[in-house]
4 protein chains.
Amino acid sequence: MKGFAMLKIGAVGWIEREKPKPGPIDAIVRPLAVGICTSDMHTVYDGPLGELTFIVGHEAAGEVVEVGSEVKDFKPGDRIVVGAITPDWRTIDVQRGWHQHSGGMLAAFKFTGVKDGVFAEYFHVNDADMNLAHLPNEIPLEMAVMLTDMIPTGFHGVELADIGFGMTVCVIGIGPVGLMSVAGARLRGAGRIIGVGTRPACVEAAKYYGATDIVSYKAGDIAEQVINLTEGQGVDVAIVAGGEKGGEGLSQAIKMTKAGSTISNVAYYSTGETLPIPRNEWGLGMGHKTIKGGVMPAGRYKLDRFIDLVKYNRLDPSKLATHVFHGMENIEKAWYLMKEKPVDLIKSVVIF
Amino acid sequence: MKGFAMLKIGAVGWIEREKPKPGPIDAIVRPLAVGICTSDMHTVYDGPLGELTFIVGHEAAGEVVEVGSEVKDFKPGDRIVVGAITPDWRTIDVQRGWHQHSGGMLAAFKFTGVKDGVFAEYFHVNDADMNLAHLPNEIPLEMAVMLTDMIPTGFHGVELADIGFGMTVCVIGIGPVGLMSVAGARLRGAGRIIGVGTRPACVEAAKYYGATDIVSYKAGDIAEQVINLTEGQGVDVAIVAGGEKGGEGLSQAIKMTKAGSTISNVAYYSTGETLPIPRNEWGLGMGHKTIKGGVMPAGRYKLDRFIDLVKYNRLDPSKLATHVFHGMENIEKAWYLMKEKPVDLIKSVVIF
Amino acid sequence: MKGFAMLKIGAVGWIEREKPKPGPIDAIVRPLAVGICTSDMHTVYDGPLGELTFIVGHEAAGEVVEVGSEVKDFKPGDRIVVGAITPDWRTIDVQRGWHQHSGGMLAAFKFTGVKDGVFAEYFHVNDADMNLAHLPNEIPLEMAVMLTDMIPTGFHGVELADIGFGMTVCVIGIGPVGLMSVAGARLRGAGRIIGVGTRPACVEAAKYYGATDIVSYKAGDIAEQVINLTEGQGVDVAIVAGGEKGGEGLSQAIKMTKAGSTISNVAYYSTGETLPIPRNEWGLGMGHKTIKGGVMPAGRYKLDRFIDLVKYNRLDPSKLATHVFHGMENIEKAWYLMKEKPVDLIKSVVIF
Amino acid sequence: MKGFAMLKIGAVGWIEREKPKPGPIDAIVRPLAVGICTSDMHTVYDGPLGELTFIVGHEAAGEVVEVGSEVKDFKPGDRIVVGAITPDWRTIDVQRGWHQHSGGMLAAFKFTGVKDGVFAEYFHVNDADMNLAHLPNEIPLEMAVMLTDMIPTGFHGVELADIGFGMTVCVIGIGPVGLMSVAGARLRGAGRIIGVGTRPACVEAAKYYGATDIVSYKAGDIAEQVINLTEGQGVDVAIVAGGEKGGEGLSQAIKMTKAGSTISNVAYYSTGETLPIPRNEWGLGMGHKTIKGGVMPAGRYKLDRFIDLVKYNRLDPSKLATHVFHGMENIEKAWYLMKEKPVDLIKSVVIF
């Protein structure tokens, strides 16, 4: 079968693979729609995982084509979504409460280097009963794709933050993940939501999803701007979904928050030795500004919860899919679009 | 000055009082609008606090007319709201984290029996800097009144519950408090929200505020109905805002929730010796169904947060004020309306 | 093989069974030591689970004699302990965070009625890699047996409670579970610990494990006594490990706690329709007295944590095993001792 | 009156001041015993607060000599302790839950630069009813002094961390604060506790307080040593109470913890622009290693809790006071001892 792969650091292209086979609790899925993710860009062009050749892509809605002998709740023909991470569920890490790090830190990222990903004719899903979710017919594919990474990652920025009703939240970076953090913050009861970003498509979407104020990098230091906007108070929560370069977003987040606050990171740092905590604004170590950062939760239960948010009209992620291609062969076009990031792009999606 | 008072258990009427005077950190407020509360009915007609004579009412927006010498942030002429409970803030209870019980369990309920309430020409507020909040001009009085009790109480039902994104929540009782629990659950990220109630005005409002399903007492046992609706699963969270009689609502809530869930109570039980926990459905003591119950949080910080929710268009409480009277003298009419509860009533409000 | 079984409600005796066989991820274990549990008495003599015939017993240290083909971390000859509950780990309930209720409320209690228990020549353990833990040689069998139920259950009473450093805790019931709640409360940083009980062996052990005060049912109402002892304040946390009859212990716990507190239940209620919440002391529904109750956590990770507590000398559970028998045939004697509860008994253990 | 003061950055000496006077809710206290703190060294010799002249010292047990007209619970002659930080309690920050930052980040540090500290004949305490605690006679002064800063700060390292029963904890830095973190971790239920330090007096005390292993900076990279000790797993929690230079301790803490863990900082960073988060070991931003840091909690309620820990023999802080001087004039000697840190020093205390 054909797949679109990372060939080496900095290079992508089509390769041939054998069609995968399921183990007793696994499934083989044919993609119906896939999304291209900024994190794919980091992995291929920054190379934090080293030289690897594997089929890329980790965002997919699809159709089950084959299941292992022990799979109970899914069968060929089922329309499904699968999380960008697919943990093994029988580990001590899961018993500790950390399915995301089942098998070791970030080891649940199987589609990204552990095995082939989803930009292929077929892909393999470990532990189907635990990692797949049934996709209701009423949810179109462009939305479904967002359930696999953009929604859980953006919303995890919110889950990590401790947002109380009416609090003021700043979301740094309003690409597709940050936009879902904006939407998630509104759905968590935030009052004022300040989005940090510049590109018009993103700014417009941020307002749609609940941003009450927009701050641009172009207008000066963002921490200063946010502190001014809040009359010197700073924000209760800052969610970092951008500003990866040198950890600048994280550093600004720490600067713009109040004593007694949470900084929640869902950005992926692919380069550099260290990320900087500004000593003074961190209260000389004593300011009670808690810094959290973690990869999205996954598994069927969480997928079902996000499906419910869409199904019950709490969230409409369709604004993210600004560029929709048809035909697997257009993955390449969609990929380069994501790489070049034209001003009107939020996210490119390919319907197979 | 004139005030509308509980005269004894079962009786209300107008009385004369001296105009109150502020201590050094207090304020005197002239009501601009007040709300009649179901809890007033409990207090007067069930008599759980015993025989008392005091001016009733604890929901008011108003104008400051006098402040003590040490008040810093408020001055005569300021438009304000004040919480239904007004704690003292310099106590060990506050240091323990329980301003609601500052001075003893429920002792922050000063307007309800400790001193005169707000259905008067003027009323007294202890610790003005800590218990008042400035009311923005853009918030009309009918909404402002809801900030003092209906929103904080209904939302506290949500705060006590541990609602994760996409969870299924049942709100038992969709009077004004329950409606705000519905709205709060949606704003906290619930997926499906099942409202339990019957009166058409309430049902319509529940749908407006986010209920996806309605269950009626008239159609049979509500726990059974909810369990059927959720295909035998039960709900993740039940918020009890009604069914006070014999603790029936609380009992049903325990029956309809999953193992590993939260039952959150904001109902006020004015009669009876005990409230029943159904043994079997509580897992013989081992089902991890956590039962919480507490009075709303108050103070300026919380008031400001709820004001922000209204100001930033996260919440429109205006649907609650179905019956608006003009003129202080109409408190009496508004009171009896609340007592009789006609089918089209959610809440009666009086604009002075 | 031989096993000691519940024959019907109210009757126990020896029965013959086939030696169990492991599935691919399971293990067969030969007991080295077992403990008799009060909950066995409830199950057999109160009959809350109905008429059943099965080998009783759920507390065992043992030696692995056979493993399934997929078991990785255990092999015949390994010395192990296994939790009183043995969940399946690939379920939505586990993804929700509730392994104790994997497969439904309390469904992880496999040894108690779902399949045969441990009072046998051999017993079966589902998912060995997830439910067994290696038993270090330095931990003697009398202690090891306590790791399976008494420690996790008693300590779960503490885990459910929200004990801050220096808080005052009351433990109602100082049988073996309550004693472990006392020990756990001390290890969680409690200041004053009030134990409620009467039998001298238990009182002495309670003091050894950290109780600073003892209150006896015989000296009057225990809530009153505790409130007097604390100069009218009440306690911050009450852990219910006794007083099951009519829910009296739970009711007293609610009465003796402060506004803003936690009542944590690890008692097993085997009879009655409802458990009573005293309305007035629960603050008319508004007192912020949170009521929790749940079965112990299990699985290898938790077992290893409790093993570490013993290994690093944080906890010495050996005081619980007041009556130690040798030889499997003495299970019967140990059983009836537990039924009769002589004054010097805390717990009976049988070394095979 | 006389006081021992910071004169300018790098210089200390005796100065003359007027005896302070209490406001209506304040108290004047005569020290009975004071402790010299490492943070005094940072403030004077690193100068993070800038050029200031004020009486130093923030650790004192004393006797009330005068109270304001509104003070209710304290009177001249009362033996008391007072926290190192003394918040104002009527602020929005307190309502937000952050008394430590009442009036702004770290603004509760009144003794350190906002007003004169405790190394004087008398000192002033704002809000006596909220910031003092009665000192029981059975607690000797050398212990009492530890209740004001060493215990609350060291234990706050533990409070910030999320230690479950039997977890493995590393405490980086085993000076007096770190030793109290060791003691606090044991009292919180940790299993294995690894202390990082070198000086023999500290190593011995660490073992006394509960350390099971000691790692020395001198034997190589501490993160590597800790990871080796734990067979490659890393620790569940790291508490940073040392290694301030360049944030080295914090950085090592992040390196030595598992995915899904807490790093808790109570170190005071007095120099440098930024503190480094190691990118790779922080999981590229996604490792769920939560970084917390905050100043100790204070106020009467917390002081009383720590007093209870000492009173009920949960904690014996007397090992910290290795060097006890008598006579106020010996503050100078005690100060320089703390500055020079001889190998047998943990903490110097002066009894007046």
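Any read-out appearing in this document is the output of simple, stated calculations on the displayed coordinates, not a laboratory observation. Note that the structure is predicted; figures quoted are calculated from it, not measured. Heads up, the Cβs are rebuilt from the backbone with ideal geometry, glycines too, and the neighbour counts pull from every protein chain shown.
Some values worked out for this structure:
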read-out: Exposure proxy ranking, count of Cβ atoms within 10 Å, fewest first, for B:Trp282, A:Trp14; value: A:Trp14, B:Trp282
read-out: For chain B, built as a Gaussian network whose Cα springs stay under 10 Å, the top-fluctuating residue of B:Arg300, B:Arg90, B:Arg30; value: B:Arg90
read-out: Whole-Hz ³J(HN,Hα) from phi, Karplus 6.51 cos²θ - 1.76 cosθ + 1.60, for the range C:213-228, glycine and proline x; value: 9, 10, 10, 10, 4, 5, 8, x, 4, 6, 4, 4, 4, 5, 5, 5
read-out: Peptide C:159-169 - average C-beta neighbours from other chains (10 Å radius); value: 5
read-out: Estimated [θ] at 222 nm from DSSP helical runs (n ≥ 4, -39500 (n - 2.57)) normalised by residues in chain A, nearest 500; value: -7000 deg cm²/dmol
read-out: Proxy reagent accessibility, fewest Cβ within 10 Å first, across D:Met1, A:Met105; value: D:Met1, A:Met105
read-out: Choice from D:Gly184, D:Gly103, D:Gly83 showing the highest fluctuation, given a GNM over chain D with Cα pairs closer than 10 Å; value: D:Gly103
read-out: Burial ranking of peptide ranges C:331-339, C:46-54, A:154-162 (average Cβ count within 10 Å, highest at the top); value: A:154-162, C:331-339, C:46-54
read-out: For D:Thr257, residues with placed amide H under 5 Å, excluding near neighbours; value: D:Val235
read-out: Protection proxy ranking of B:285-293, B:170-178 - average other beta-carbon atoms within 10 Å, highest first; value: B:170-178, B:285-293
read-out: Dipole of the range B:174-294, positive end: most advanced residue of B:Ile277, B:Met256, B:Val235 [Cβ charges, Cα centre]; value: B:Val235
read-out: 7 Å along Cα→Cβ, label-point gaps from B:Lys333 to other copies, nm, shortest first; value: 6.9, 8.6, 8.7
read-out: Listed pairs B:Lys218/B:Lys255; B:Lys8/B:Lys319; A:Lys255/A:Lys347 exceeding 21 Å between Cα atoms; value: B:Lys8/B:Lys319; A:Lys255/A:Lys347
read-out: Among B:Val237, B:Val34, B:Val203: highest mean-square fluctuation, GNM of chain B, C-alpha pairs under 10 Å; value: B:Val203
read-out: Folded to 0 to 90 degrees: helix B:300-311 orientation relative to chain B principal axis, Cα; value: 70
read-out: Helix A:331-340 axis, angle to chain A major axis (alpha carbon atoms, nearest 10°); value: 20
read-out: Cβ neighbours within 10 Å from other chains - mean over A:183-195; value: 4
read-out: Low-density loop cleavage sites - trypsin sites (Lys or Arg not before Pro) in the range B:1-56, where at most 10 other Cβ are within 10 Å (DSSP); value: none
read-out: For residues of C:261-272, the mean tally of beta carbons on other chains within 10 Å; value: 3
read-out: For C:Ser216, C:Ser251, D:Ser261, order by how many other beta-carbon atoms lie within 10 Å, fewest first; value: C:Ser216, C:Ser251, D:Ser261
read-out: In degrees, nearest ten, helix C:200-209 long axis to first principal axis of chain C (Cα); value: 90
read-out: Rounded to 5, the percent of DSSP beta bridges in chain B classed as antiparallel; value: 55
read-out: For D:Pro76, inter-copy label distances in nm, listed shortest first [label point 7 Å out on the Cα-Cβ vector]; value: 4.1, 8.6, 9.5
read-out: Whole-Hz ³J(HN,Hα) from phi, Karplus 6.51 cos²θ - 1.76 cosθ + 1.60, for the range B:21-29, glycine and proline x; value: 10, x, x, x, 10, 9, 9, 10, 10
